[in-house]
Amino acid sequence: MEEARRRTLQLVAPLTDEELNRVYSPILSPLAWDLGHIANFEELWLVQTIGDREPLHGELGRFYDAIENPRATRNELPILRGDELRSYLEEVRERSLEVLEGVDLTSGEDPLLAGGFVYELLIAHEHQHTETMLQLIQMIDGYEPVEEVEPPAPDPAAGTGPEMVLVEGGTVELGAGPEGFAYDNERPRHTVELRPFLIDRAPVTNRAYAEFVAEAGADAPMYWEPDGDGWWVRTAMGRREPLDPDEPVIHVSWHEADAFARWAGKRLPTEQEWEAAAAGADADRANLDQLAFGPSRVGAYADAPSHCGAIHMLGDVWEWTSSDFLAYPGFRAFPYPEYSEVFFGDTYKVLRGGAWAARRNVVRTTFRNWDLPQRRQIFAGLRCARDAE
Ligand SMILES: [Fe+2]
């Protein structure tokens, strides 16, 4: 919990209160809302629910309810700002550590406490909000990270080409098992029958996507601007850096990803296919953890392929799948329906694999992310699939 908080505060350290309160986009909350919401979620679960204590600010919690308050309205709410906000983060943390002194994580009687579930939930929640905050930070001109780590250089022998690898299919086990932390929507583990398929060995690169833009007249991804010389610059955080042709394309919508796949004579993988192809991928050898401030070049982690030989399955960019976000057979909402259940249906598309902007311990091959098909501010790219003959 301390590590998560240190990194959250590090992320906002370069920003003024004015920047924390500013609305940069109607689809993203001001950063001050996210910070208050992180503390309020901690207060709700660790202090009020587990510790049975009263909240510090009475009814304040309802302004931090993500379902009650759509992002476009969050700046009008009487949320905490400035020093009040900083004290709230600190005071809640003090109280949750006091409560932690007295809890029994071993009895297994309370499913929230068994194995420390609610503490894992809290950390994952903070980690996921810092990714959302990074979406907004991409829009802040002149943002300078406190810490930035260059990903490894690609192995020149690894190649960045569009070749595909075969996944045999058959009976495949998917989803998270009963042990350890996972979200309700990843459970239960179950089997599916998959026909053999081919999947791109690597995510679609900027080079390939630029061809699609030029030949099919598709829109350029978010944060691309023409460099006046036939190529592109990347403009996130107000920078103007030449676009690296060998990095995975990022900030494309599901509609754009789907159109690219069809233009390439392929299709998006289903999320089942994606997870089968990702088996064996290692989150410790992947561009994750929010410090690269962009994807690594394809081949940077060529020595860490999944069992089928695919690379960069985890990290760099979230990968759009063709699948709607639906419940697995036997799904049970835990600990609350608003985490996943209210989003099930044909409105959201599933993304897999995690991006550079995701914290490492959030990402695993069973992790399911979901978003609206028109969204491009998220750290999303793609890889294509095709039926095997
Ligand atoms: Fe949240």
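The values are calculated or read from the model by the stated rules, or taken from the named source; none is laboratory data. Everything numeric here is computed off the predicted structure, so don't read it as measured data. Cβ sites come from the backbone with ideal geometry, for glycine too, and all protein chains shown count toward neighbours.
Of these, ALA281, ALA277, ALA310, ALA302, which one is touching a residue at least 24 places away in the same chain (Cβ under 8 Å), assigned to a helix (DSSP H, G or I) and under 20 Å from ALA158 (Cα atoms)? First the steps, then the outcome.
Values: ALA281 fails: assigned to a helix (DSSP H, G or I); ALA310 fails: assigned to a helix (DSSP H, G or I); ALA302 fails: assigned to a helix (DSSP H, G or I).
From the options ALA281, ALA277, ALA310, ALA302, the qualifying one is ALA277.
Figure legend. Inter-residue proximity from region 370-389: first residues touching a residue at least 40 places away in the same chain (Cβ under 8 Å) and assigned to a loop (DSSP other than H, G, I, E, B), second residues surrounded by 19 or more Cβ atoms within 10 Å (Cβ to Cβ) and basic (Lys, Arg), beta-carbon distance below 7 Å, spacing 6+ or different chains. Indicated pairs: PRO373/LYS349; CYS384/LYS266.
Test ALA176 against the criterion of being small (Gly, Ala, Ser), under 30 Å from TYR336 (Cα atoms), at pLDDT below 95 and surrounded by 16 or more Cβ atoms within 10 Å (Cβ to Cβ), and give yes or no. In short, no.
Name the residue that is farthest from the ligand (Cβ to nearest atom), counting only residues in region 127-144 that are assigned to a loop (DSSP other than H, G, I, E, B) and not charged (D, E, K, R). Top of the filtered list is GLY142. Condition check for ALA124 on (1) within 16 Å of the ligand (Cβ to nearest atom); (2) at pLDDT below 90: one failure, at (2).
Within region 244-264, the residues that satisfy the criterion of being crowded, with 22+ Cβ neighbours inside 10 Å and outside any helix (DSSP H, G or I) are GLU247, PRO248, VAL249, ILE250, HIS251, VAL252, SER253. Number of residues in region 16-44 that are of a type in the set (D, E, K, R) and surrounded by 17 or more Cβ atoms within 10 Å (Cβ to Cβ): the value is 4. Any residue in region 71-94 that is free of Cβ contacts under 8 Å to residues at least 12 places away in the same chain and within 16 Å of the ligand (Cβ to nearest atom)? Yes, there is a match, as at least one residue in region 71-94 is free of Cβ contacts under 8 Å to residues at least 12 places away in the same chain and within 16 Å of the ligand (Cβ to nearest atom). So which of ALA302, ALA292 is over 30 Å from VAL118 (Cβ atoms), modelled with pLDDT under 95 and not hydroxyl-bearing (Ser, Thr, Tyr)? None of the others qualify; the one that does is ALA302.
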